[in-house]
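Here's the structure we're looking at; comments come further down.
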Amino acid sequence: MIKFLIEKEFKQIMRNSFLPRLIIGMPIMMMLIMPWAANQEIKNIKLSIVDNDHSTYSERLVRKATSSGYFHLTDVSLSGDKALHSIESGKADVILEIQTDFEKNLVKTGVANVMISANTVNGVKGSLSSSYMGAILSDFSSDIREEWSPKREGAALPLINVVPQYKFNPNLDYKVFMVPALMVILLTLLTGFLPALNIVSEKEMGTIEQMNVTPVNKFTFILAKLIPYWVIGFTVLTICFGFAAFVYNILPVGSLLTIYLFSGIYILVVSGFGLVISNYSNTMQQAMFVMFFFIMILILMSGLFTPISSMPEWAKIVTIFNPLKYFIQVMRMVYLKGSVFMDLTTQMFALLGFVVFFNTWAIISYKKTN
Amino acid sequence: MKFSNNWHEKQNALIIDIMKQFLSFVKKEFYHIFRDKRTMLILLGMPIVQIIIFGFAITTELKNTEIAVFDLSKDISTQRIIEQLEASEYFTVSQVLNSSDDIEQVFRQGKVNMVVAFGENFNNNLLHTGEASIQLIADATDPNQSLMQTGYATNIITSYQQELMREHNVPFRIVPEVKMLYNPQLKGAYNFVPGVMGLILMLICAMMTSIAIVREKEMGTMEVLLASPIKPIYIILAKAVPYFTLSVVNLTSILLLSYFVLKVPVAGSLFWLAAISFIFIAVALSLGLFVSTIANTQVTAMLISGMGFMMPVMLLSGMIYPIESMPEVLQWISNIIPAKWYIDAIKKLMIQGVGVEFILKDMAILLSMFILLITISLKKFKVRLV
């Protein structure tokens with residue numbers, strides 16, 4: 001019995017002119033483009049300079065700032081107001097304003113002031129650019145100090161040498177971080193949206209009535225709906241592995257088998273969730289909007305783009321009920337840290353819990369009578 | 001004279017006729033929407049829930065990142081640095097390690113995100129040889145976060161160093177006065193609210209229109225509409241009016257929420273904010289129209305406008321990741337994403353509070369996108385369906 005049902009599902013998918021193309025095309029497009037976009041590194045900060053001093057030192061400072069690699073000189077203004085104007089128009093992100101008598105003060109009194117004004121609409125970018133500038137200033141002053149009193153006083157200067165070290169991803173390659181998570185997104189979108197539209201489209205077409213008069217029981221019906229998405233999910237995943245390996249040269253440190261195992265469970269979670277929504281919807285439009293609503297929240301609260309640790313307490317509690325979170329953790333841990341199955345038992349139990357919950361719900365909520 | 005009067009009357013009557021027909025079409029579309037209570041609830045409720053969740057939860061700010069300390073010196077300087085790290089809102093010292101083997105251990109368990117390691121004789125080295133080292137070992141599985149963690153920690157350490165220099169009265173100090181413009185508390189919501197506005201308006205509008213039109217095609221009712229005496233352009237316009245109205249309601253609720261709940265300022269002119277939003281909504285609606293001319297079934301239309309647009313809008317609009325950090329090709333691609341221009345304009349208008357002259361470019365680009373999309377879709381819109 002189930003064999004024929006599955007055959008029917010596959011035929012329905014393959015007969016649609018768009019779905020097979022989507023299933024193959026979307027992973028390829030996403031894997032080719034998206035890993036490059038997910039880069040939060042603050043580079044090419046646009047710098048505007050106001051040099052009120054025009055001395056040897058102020059010019060040296062400007063040169064030091066522009067050659068640091070962080071900043072990109074886009075504007076030189078005569079006054080602070082004019083420089084502010086260039087921030088307003090988006091021509092600059094940060095202003096370095098050097099006061100008159102900068103050199104004189106530095107040499108005579110030993111202390112000179114400069115002003116850093118940063119556009120902090122994007123708070124992270126604003127604060128990082130001002131701290132880069134701070135580092136350049138302190139570098140500059142120690143250069144000057146060394147010139148004036150080589151060695152002699154040097155010993156008494158409290159200098160701290162900070163050495164950062166980046167574990168698990170020493171080159172800070174963002175693609176390594178994004179690729180495993182992108183696979184999760186692709187799986188979620190494809191094996192989530194398609195089932196959500198599945199049962200409801202049969203309702204709208206009227207073909208569900210034909211199912212309802214057959215002796216097929218609810219369990220078999222739902223199972224036959226789930227299996228094709230399993231196959232689709234594994235196809236998508238395999239395409240992704242191929243791209244990760246051949247285009248980005250990213251191979252999992254851990255075992256592929258672990259990933260396939262977890263994916264198999266995860267696909268059941270999202271497909272089950274999709275079927276539940278499909279059962280409760282009367283039109284495809286409803287199903288789509290409800291699914292869209294949840295998927296967007298699930299994606300943005302999964303730790304994919306923004307870290308869960310930055311979220312407020314209540315949001316952290318919400319993420320406990322987010323299956324995406326667990327699967328993204330699994331993917332990143334296996335791909336990057338080489339975690340083994342034993343490290344991932346929490347995630348395993350959480351995902352299994354979701355499978356049982358959603359699929360039981362899907363079976364119960366499917367009603368053969370109106 | 002008589003003739004011309006007559007002609008005018010006829011003309012007027014014709015216009016009134018068309019208006020009447022048009023209005024009855026608009027009415028029909030409103031009925032469609034109002035009848036489906038659940039969809040309407042979702043359409044109006046979704047932006048509210050999302051802006052609240054995202055406004056609070058979507059942030060890249062560092063807050064209470066758990067760090068571990070591995071301190072071989074345990075002297076006054078290391079104590080003070082640890083205190084200052086702990087005192088900042090960025091870090092919480094959750095573990096003190098006793099051997100270097102523990103470092104591996106805590107990372108593998110995923111308990112801390114960064115380990116701060118001090119060498120031996122830290123204070124002594126600092127005061128006498130002037131060469132003391134601190135190692136910041138960060139878990140770089142999330143490169144963005146790890147860079148920020150080491151960046152902020154370095155900042156704290158540098159300010160401690162400057163404190164020392166002041167105490168020792170070291171010459172040639174440059175004291176920067178730092179001014180944080182527009183967002184002095186560095187709130188994440190300031191950055192994300194414009195992004196979420198762009199995302200929600202874009203997707204909802206595109207989905208709604210594309211589905212509404214394709215649905216009539218699939219149901220066969222489009223034939224009926226096309227057979228009516230009204231011109232196809234009015235049919236499409238009639239479909240756009242209710243969705244435009246809905247989007248304006250959504251826009252209003254988003255703005256009210258972000259102002260009163262998220263405390264995001266509306267620093268610029270409300271008039272221009274509304275103006276650019278209307279243009280953006282029009283772009284999104286015409287994009288939906290465009291999708292409906294390509295798609296034959298509701299499933300296709302929904303998958304393209306809901307699923308297909310979601311990721312590009314999220315990733316390439318500058319909503320989460322800064323566009324200037326992307327490779328050249330992607331920066332170029334991002335230009336065709338309407339949400340990019342809208343978000344840019346909203347950030348300038350709403351948060352920076354600049355005048356309209358700074359968003360003219362964004363506005364012009366959105367307008368031309370609208371004209372382009374609507375022309376193509378009207379050309380492709382088939383009066384005969386077969």
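Set side by side, the residues B:MET369, B:MET310 differ, and just one is touching a Leu at 6+ places or on another chain (Cβ under 7 Å) and either basic (Lys, Arg) or touching a residue at least 24 places away in the same chain (Cβ under 8 Å) (or both), which is B:MET310.
Check A:MET331, A:MET296 and return the single one that is free of Cβ contacts under 8 Å to residues at least 24 places away in the same chain and under 14 Å from the mean Cα position of the chain (by Cα). Break it down into steps so the answer makes sense when it comes.
On the way: A:MET331 fails: free of Cβ contacts under 8 Å to residues at least 24 places away in the same chain.
It is A:MET296.
Listed by position, the helices (runs of 4 or more DSSP H) enclosed by the range B:278-386 that each have at least 2 residues that are at pLDDT below 90 and surrounded by fewer than 16 Cβ atoms within 10 Å (Cβ to Cβ) are B:328-334, B:360-380.
Specify which of the listed residues (B:THR252, B:THR209, B:THR221) is free of Cβ contacts under 8 Å to residues at least 40 places away in the same chain, closer than 22 Å to A:GLN286 by Cβ and polar (S, T, N, Q). Steps first, answer last, please.
On the way: B:THR252 fails: closer than 22 Å to A:GLN286 by Cβ; B:THR209 fails: free of Cβ contacts under 8 Å to residues at least 40 places away in the same chain.
Only one candidate qualifies: B:THR221.
Highlighted here are the helices (runs of 4 or more DSSP H) found entirely within the range A:154-251 that include at least 1 residues which are exposed (fewer than 15 other Cβ atoms within 10 Å of the Cβ) and more than 13 Å from every other protein chain (Cβ to nearest Cβ): A:208-212, A:218-246. Taking each residue of the range A:74-90 that is at the interface with chain B (Cβ under 9 Å from one of its Cβ atoms) and looking for partners that are of a type in the set (A, V, I, L, M, F, W, C) and part of a helix (DSSP H, G or I) with beta-carbon atoms closer than 8 Å, six or more apart or interchain, yields A:GLU88/B:PHE358; A:SER89/B:PHE358; A:GLY90/B:PHE358.
Can you name the residue in the range B:44-66 that is among the aliphatic types (A, V, I, L, M) and within 7 Å of another protein chain (Cβ to nearest Cβ) and is also farthest from B:MET197 (Cα to Cα) among such residues? Don't jump to the end; show me each part of the working.
Here is the first cut: in the range B:44-66, the ones among the aliphatic types (A, V, I, L, M) are B:44, B:46, B:48-49, B:51-53, B:57-58, B:62.
Imposing the further condition that a residue be within 7 Å of another protein chain (Cβ to nearest Cβ) reduces the set to B:46, B:53, B:57-58, B:62.
Numbers: B:MET46: 12, B:ILE53: 13, B:ALA57: 15, B:ILE58: 14, B:LEU62: 24 Å.
Checked the range B:44-66; the qualifying residue farthest from B:MET197 (Cα to Cα) is B:LEU62.
In the set (1) more than 12 Å from chain B (Cβ to nearest Cβ); (2) in contact with a Ser or Thr (Cβ under 8 Å, 6 or more places away or on another chain), A:LYS368 fails one condition alone, (2).
Conditions tested, residue by residue: (1) assigned by TED's automatic domain parsing to the domain that holds B:ARG215; (2) under 26 Å from B:ASN183 (Cα atoms); (3) not aliphatic (A, V, I, L, M).
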{"position": "B:PHE280", "(1), (2), (3)": "yes, yes, yes"}
{"position": "B:SER286", "(1), (2), (3)": "yes, no, yes"}
{"position": "B:GLY318", "(1), (2), (3)": "yes, yes, yes"}
{"position": "B:VAL329", "(1), (2), (3)": "yes, no, no"}
{"position": "B:ILE333", "(1), (2), (3)": "yes, no, no"}
{"position": "B:LYS340", "(1), (2), (3)": "yes, yes, yes"}
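When the range B:68-80 is filtered for residues that are β-branched (Val, Ile, Thr) and modelled with pLDDT of 90 or more, only B:VAL69 remains.
Scanning the range B:140-198 for residues that are under 27 Å from B:TYR259 (Cα atoms), assigned to a helix (DSSP H, G or I) and facing another protein chain (nearest Cβ under 7 Å) turns up B:GLY188, B:TYR190, B:ASN191. Scanning the range A:108-134 for residues that are more than 7 Å from chain B (Cβ to nearest Cβ), without any contact (Cβ under 8 Å) to a residue 40 or more places away in the chain and part of a helix (DSSP H, G or I) gives a single hit, A:LYS108. Criterion applied to B:SER73, B:SER77 was being more than 10 Å from every other protein chain (Cβ to nearest Cβ) and either surrounded by fewer than 17 Cβ atoms within 10 Å (Cβ to Cβ) or of a type outside the set (Lys, Arg) (or both), and the one residue passing it is B:SER73. The set of residues in the range A:53-72 that are crowded, with 16+ Cβ neighbours inside 10 Å and at pLDDT 85 or above comprises A:ASP53, A:SER55, A:TYR57, A:SER58, A:LEU61, A:VAL62, A:ALA65, A:THR66, A:PHE71. With a requirement of 2 or more residues that are touching a Phe, Trp or Tyr at 6+ places or on another chain (Cβ under 9 Å) and within 19 Å of A:GLY264 (Cβ to Cβ), the helices (runs of 4 or more DSSP H) lying completely within the range A:307-367 that satisfy it span A:323-332, A:345-365.
The values are calculated or read from the model by the stated rules, or taken from the named source; none is laboratory data. Predicted, not measured: the structure shown is a model, and the values here were computed from it. No Cβ is skipped: glycine too gets one built from the backbone with ideal geometry, and neighbour counts run over all protein chains shown.
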